[in-house]
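Q: Here it is: the structure, laid out below.
Nothing in this text is a laboratory measurement; each read-out follows from the coordinates by a stated rule. Bear in mind the structure is a predicted one, so any value in this text is a computation, not a measurement. Cβ: placed from backbone, ideal geometry, glycine included. Neighbour counts: every protein chain shown.
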Ligand SMILES: *[C@@H]1O[C@H](CO)[C@@H](O)[C@H](O)[C@H]1NC(C)=O
Ligand SMILES: *[C@@H]1O[C@H](CO)[C@@H](O)[C@H](O)[C@H]1NC(C)=O
Ligand SMILES: *[C@@H]1O[C@H](CO)[C@@H](O)[C@H](O)[C@H]1NC(C)=O
Ligand SMILES: [Zn+2]
């Protein structure tokens, strides 16, 4: 029966039936949720005219960007954006597709190519190196160039392979820097801010020593964060991952054991180091303490809210877990005390985890949580002097598909059925966990499963290729920018250009700067210096 359907469709197509075989007829179109105003052509033409006016009225600040905040949605693919904005609108009772997330209103949008030196499809380590250090490298390594093969401790001790991140450029320029994430603070994306490591899994000492390597030569990521430049200069560090900082015989505040086998208590060492430098500091491990710290900010703030990653927002204990927006707000308030400005990295890190586990509702919600954090930052920082860039490291293989009518539940099945008349989901994955065996060649009806009808957050959509963990995608990711020199971020370009563009707008780091005033003043000075030198040569 199944194999005859395409033939039947082909015959229909050849016979000139109204619907072509690529785009089936749409008998239910009239029952769609439709905004009556949209029936009117004037609705669309005036929407477009208003957009033109808004673009023409837009000013682009040509000031130096004093502050730079980079938001990274880990695994936040373009289909993830479309699905998340639809969910946002539907939560507000609208059809959803027309909704915009806050960062989708930013004046400039571009696309970044995410491949790495040795990988068609990237991981979060080589991409962090690209978008924070400005150099593409090998999959799995962080803060070192592609001369370092993954896991090669010896190669990574060559200082010539080490890269400096935009946080280091900011610190050198007298600005402050900070990191906020919903993952372990030692995870690949945040580690791009401060670590130089040949294997992203070397988050604590035992992972390095397991390979027979010495942490003196190849320090683990937690150790680098607490004791090495620039980790030890970061004014704000907020996220999860306590276990990588604690000895294995010590239980943290919530009862989980540490992972370190070198008996080092890096949280205490962090406090001691600040003590020795005579700077005020505070370690917090829950939301209430964070909000208290917000009332009298220390010079240095370390917040570790979970043993491992922070909880998914929809499943979180609201007493202990701050939201990404709250962490972002405290970080910005803290860093804003430096008149020279700051660089802040904020990661919505679990968009990626939820995709890997085929938990699409959680992934979209984590995207919306990051959007709320962007909105908070945009409220606190002026477009005149603060650049905000929002992007992703790599894509995922979630598909947004079918021919549903307008306003259809984004988390539900498509309106149309497969060739056997079985429903399929609007959002599903090319690969990953959640494969269901076909019965007599026919897909099971997943919408008949209890998990689906109960709306369980842990219910899995269907996939084509069974895999324990859904994979990343190789497509480009979007880049949104607001603030000084935002138009630099338009176009399609290598992901590794991002920190260079941010540094250009902020007039810091190596390379060319936007501050032409300063450059113009510097040029005659350089000319004069050469003249003086030449003169002195001749006089001799
Ligand atoms: C990276 O380190 C982890 C943990 O020590 C190990 O399991 C993995 O095999 C290493 N990766 C490579 C490519 O050697
Ligand atoms: C932090 O403190 C400021 C100033 O008192 C306040 O406006 C803000 O709401 C606080 N933020 C949080 C997350 O509590
Ligand atoms: C699939 O399951 C849903 C929910 O139980 C049911 O309404 C629908 O009729 C089923 N479709 C088929 C083709 O079995
Ligand atoms: Zn991932």
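Q: Rounded to the nearest 5, what % of DSSP beta bridges with both residues in the chain are antiparallel? Write down the numbers at each step before the final one.
A: On the way: 21 of 61 bridges.
Taking every DSSP beta bridge with both residues in the chain, the antiparallel ones total about 35 percent.
Q: In what sequence, highest mean first, do 270-281, 168-179 appear when ranked by Cβ atoms within 10 angstrom? Write out the running numbers ahead of the final one.
A: Working: 270-281: 13.7, 168-179: 21.6.
Packing order, densest peptide first, comes out as 168-179, 270-281.
Q: Shifting gears a bit: Using helices alone, what [θ] at 222 nm do you get for the chain, with -39,500 (n - 2.57) per DSSP H run of 4 or more residues, divided over all residues and rounded to the nearest 500?
A: -9500 deg cm²/dmol
Q: Angle check, please: helix 516-539 long axis (alpha carbons) against the longest principal axis of the chain (alpha carbons), in degrees 0 to 90, nearest 10.
A: Relative to the chain, helix 516-539 is tipped by roughly 40 degrees.
Q: Roughly how many whole Å is it from the C-alpha centroid of region 185-263 to that of region 95-163?
A: 20
Q: Please say if region 211-289 is rounded, prolate or oblate, where rounded means a/c under 1.5 for a ≥ b ≥ c the square roots of the C-alpha gyration tensor eigenvalues, and otherwise the choice is prolate for a/b larger than b/c and oblate otherwise? Before the final figure, lay out the partial values.
A: Details: a/c = 1.88, a/b = 1.12, b/c = 1.67.
Since a/c reaches 1.5 but b/c is at least a/b, the shape of region 211-289 is classed as oblate.
Q: Continuing with this model, one more query. List the relative contact order of the chain as a percent without decimals, with contacts defined as Cα pairs under 8 Å and 6+ residues apart. If you can, show how the numbers build up before the last one.
A: Values: 1166 pairs, mean separation 123.4, N = 540.
Averaging sequence separation for qualifying contacts and normalising by length gives 23 percent for the chain.
Q: Starting from 0 in steps of 5 Å, tell me what percent of the Cα-Cα pairs of region 22-123 lands in each bin.
A: Values per bin, smallest distances first: 2, 8, 11, 15, 17, 17, 12, 9, 6, 2, 1, 0.
Q: Still on this structure, I have one more. Any idea what the alpha-carbon Rg over 2.2 N^0.38 Å comes to for region 90-156? Intermediate results must be reported in sequence, preceding the final value.
A: Working: Rg = 17.8 Å, N = 67, 2.2 N^0.38 = 10.9 Å.
Here the Cα radius of gyration is 1.64 times the empirical estimate.
Q: Follow-up. Calculate the translational D of the chain in whole µm² s⁻¹ from Stokes-Einstein, where the hydrodynamic radius comes from the Kirkwood formula applied to all Cα pairs, the temperature is 25 °C and the viscosity 0.890 mPa s. Mind dumping the intermediate values first?
A: Details: Rh = 25.3 Å.
After rounding, the answer is 97 µm²/s.
Q: When the Kirkwood hydrodynamic radius is evaluated over all pairs of different C-alpha atoms of region 284-348, what value in angstrom, to one decimal, is obtained?
A: Numbers: mean 1/r = 0.0795 Å⁻¹.
Taking every pair of different Cα atoms in region 284-348, averaging 1/r and inverting gives 12.6 Å.
Q: Order the peptides 46-55, 439-448 from the highest to the lowest mean number of other Cβ atoms within 10 Å of their residues. Intermediate values should be presented prior to the final figure.
A: Working: 46-55: 10.3, 439-448: 12.5.
Most protected by this proxy first, the peptides run 439-448, 46-55.
Q: Helix 324-335 sits at what angle to the longest principal axis of the chain, using alpha carbons and giving 0 to 90 degrees rounded to 10?
A: Once rounded, the angle reads 20 degrees.
Q: Quick check: the angle from helix 266-276's long axis to the longest principal axis of the chain, C-alpha only, nearest 10 degrees?
A: 40
Q: At 4 °C and 1.567 mPa s, grab the translational diffusion coefficient of region 381-498 from Stokes-Einstein with a Kirkwood Rh over Cα pairs, rounded to a whole number in µm² per second. Display every interim value, and only then the final one.
A: Working: Rh = 17.3 Å.
The estimated diffusion coefficient comes to 75 µm²/s.
Q: State, in angstrom, two size descriptors of region 263-397 derived from its alpha carbons: Rg to one decimal place and Dmax to the nearest whole number.
A: Using the Cα atoms of region 263-397, the pair Rg, Dmax is 16.3, 49 Å.
Q: I would also like to ask the following. Could you tell me whether region 262-309 comes out rounded, prolate or oblate from its Cα gyration tensor? Rule is a ≥ b ≥ c as square roots of the eigenvalues, rounded for a/c under 1.5, then prolate if a/b exceeds b/c, otherwise oblate.
A: Numbers: a/c = 3.54, a/b = 1.09, b/c = 3.26.
Oblate.
Q: Could you give the Stokes-Einstein D for region 400-466 in µm² per second, using the C-alpha Kirkwood radius, 37 °C, 0.692 mPa s? Don't skip to the end; give the middle numbers.
A: Numbers: Rh = 12.4 Å.
The estimated diffusion coefficient comes to 265 µm²/s.
Q: Hey, how many Å between the Cα centroid of region 306-361 and the Cα centroid of region 379-431?
A: With region 306-361 and region 379-431 each reduced to a Cα centre, they are spaced 22 Å.
Q: Moving on. Highest first, please rank the peptides 401-410, 103-112 by the mean number of other Cβ atoms sitting within 10 Å of their residues. Don't skip to the answer; put the middle values down first.
A: Numbers: 401-410: 17.1, 103-112: 19.5.
Order by mean packing, descending: 103-112, 401-410.
Q: Using label points projected 7 Å from each Cα along Cα→Cβ, tell me how many nm separate residue 228 and residue 42, to one decimal.
A: Reported label-point gap for residue 228 and residue 42 is 6.5 nm.
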